[in-house]
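A short write-up of the structure that comes next.
The values are calculated or read from the model by the stated rules, or taken from the named source; none is laboratory data. As the structure is a prediction and not an experimental result, all values here were calculated from the model. When we count neighbours, we look across all protein chains shown, and the Cβ atoms used for this are built from the backbone with ideal geometry, even at glycine.
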């Protein structure tokens, strides 16, 4: 498992200093049955900062 998860989405409530994701787990989904590039995936862990 990844030790550090980096994220540049500073509008997410899990975004932390040094572009680190502070979520306890990460959920990524594919738009297609077999994604072939990052544009075909989404991070479902994202929650907007309030």
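Given the criterion in a strand (DSSP E or B) and at pLDDT 95 or above, identify the matching residue among 29, 9.
Details: 9 fails: in a strand (DSSP E or B).
From the options 29, 9, the qualifying one is 29.
Output the qualifying pairs, or none if there are none: Cβ atoms under 7 angstrom, residues six or more apart or on different chains, first residue in region 35-50 and without any contact (Cβ under 8 Å) to a residue 24 or more places away in the chain and on the phi < 0 side of the Ramachandran plot, second residue surrounded by 12 or more Cβ atoms within 10 Å (Cβ to Cβ) and in a strand (DSSP E or B).
Going by the 7 Å Cβ cut-off, the qualifying pairs are 35/41.
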